[in-house]
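Inspection log for the structure reproduced underneath, given as structure tokens.
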Amino acid sequence: MTIALAVHGGAGPISRADHNPERDAVLRAGLAAALDAGHRLLHKGGSALDAVTAAVALLEDDPLFNAGRGADFTLDGTIELEAAIMDGHSQAAGSVTGVGVAKNPVKLARRVMETTPCVMLGFAAADASARTEGLACVTPDYFFTEPRWQALLQEKARLAAGLDTDTAPDRHGTVGAVALDHQGRLAAATSTGGRCAKWTGRIGDTPLIGAGTWADRHCAVSATGHGEYFIRAAVAHDIAARLAYAGQTLADAADSVINGTLLELGGSGGVIAVDVHGHVVMPFNCAGMYRAMVDGEGRRELALYRDEAAGEEAGTNPDGRSG
Ligand code: ASP
């Protein structure tokens, strides 16, 4: 059986003009590390669930991405993390929202899926569960990063001035992974700090199964973008439903939803998705999306911006094939 993996580190109005070569290099290194960690696991016969958990946990530990350590702040300057995971084979799912203590919310979401009768757990109950499950817990200072704090201050100033906040480069983020393993099982995981300066208590698309995260026997999807629109369009589930009911290809389904339904509603963002044959697609309808994949044929791609040629960062796959 073929294996495939894709990861993302957020989408939004991110263009080359906003970034410098040093920052690009570390972003690419962070994506490559997550991709390689997940792909190595799959290559050794590991499960899609383990691969997406490992890849997302690495991105959560990287302060450059808006999830875990590098999460954006709420309007009140607090941290409310969200994450979800779904096993396409059993359609088991777990998700958490309003998390403030778990170092790796994706691992907490997985515990919710595997050890509780719930699909979603939030706020105080989610924090309590992180502690009783013995997961790594941290104090609020762990999540303090100067760039995110500055982004919050800028965002509050923009809000006070009545300016359009959707075009601010640092207001977006989220990390995610989708995988197909040797046994033909699919999985998806997504994790985020949410939108910069979100209302305290606001719940985005990431932890909502079917909106920001979905996996079944047809495909696995992880989303990033303006969450309210992804919820209203049930983006991740709609892509899977098009495969199941309309017989669309993964590429057609994802393109119809991201560049059709979502865009028509006014929502910006993108998804990474993999199907049971190892096809990988990574469409987005904004300036850029941090993304990387190794598909079922061993093709490797890693890119940040829209205008990058596929395979610009072509390299060698963990299993030795050149991309
Ligand atoms: N989807 C996330 C949210 O709305 C943010 C993002 O991916 O940029 O919370």
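The values are calculated or read from the model by the stated rules, or taken from the named source; none is laboratory data. Just so it is clear, the structure is predicted and the values come from calculations on it, not from any experiment. Here Cβ is always computed from backbone atoms with ideal geometry, including for glycine, and neighbour counts include all displayed protein chains. Protein only, heavy atoms only, side chains kept; ligands, DNA and RNA dropped before computing areas. Shrake-Rupley method; radii C 1.70, N 1.55, O 1.52, S 1.80 Å.
So, in the range 179-203, of the ones that are among the hydroxyl-bearing types (Ser, Thr, Tyr) and under 15 Å from Leu59 (Cβ atoms), which residue ends up farthest from the ligand (Cβ to nearest atom)? This residue is Ser191. Of the candidates Leu35, Leu64, Leu81, the single residue that is in contact with a Gly (Cβ under 7 Å, 6 or more places away or on another chain), in contact (Cβ under 8 Å) with a residue 40 or more places away in the chain and open to solvent by less than 10 Å² (accessible area, probe 1.4 Å) is Leu81. Of the set (1) more than 18 Å from Glu80 (Cα to Cα); (2) within 16 Å of the ligand (Cβ to nearest atom); (3) surrounded by 23 or more Cβ atoms within 10 Å (Cβ to Cβ), all apply to Thr206 but (1).
Say whether the condition of being in a strand (DSSP E or B), without any contact (Cβ under 8 Å) to a residue 40 or more places away in the chain and open to solvent by less than 10 Å² (accessible area, probe 1.4 Å) is met by at least one residue in the range 287-306. Yes: one or more hits. Condition check for Phe123 on (1) surrounded by 19 or more Cβ atoms within 10 Å (Cβ to Cβ); (2) more than 16 Å from the chain's Cα centre (by Cα): one failure, at (1). For the range 263-274, a residue qualifies if it is over 17 Å from the mean Cα position of the chain (by Cα) and not small (Gly, Ala, Ser), and the qualifying residues are Leu263, Glu264, Leu265. Filtering the range 225-253 to residues that are within 16 Å of the ligand (Cβ to nearest atom) and within 20 Å of Asp295 (Cα to Cα) leaves Ala236, Ile239. Does Val119 satisfy being modelled with pLDDT of 95 or more, under 19 Å from Asp61 (Cβ atoms) and aliphatic (A, V, I, L, M)? No; evaluated as a whole, the condition is false for this residue. Within the range 265-279, can you find the residues that are over 24 Å from Arg195 (Cα atoms) and either free of Cβ contacts under 8 Å to residues at least 40 places away in the same chain or open to solvent by less than 30 Å² (accessible area, probe 1.4 Å) (or both)? Val274, Asp275, Gly278 - these are the residues of the range 265-279 that are over 24 Å from Arg195 (Cα atoms) and either free of Cβ contacts under 8 Å to residues at least 40 places away in the same chain or open to solvent by less than 30 Å² (accessible area, probe 1.4 Å) (or both).
Listed conditions (1) farther than 28 Å from Gly266 by Cα; (2) within 16 Å of the ligand (Cβ to nearest atom) are all met by Gly176, apart from (1).
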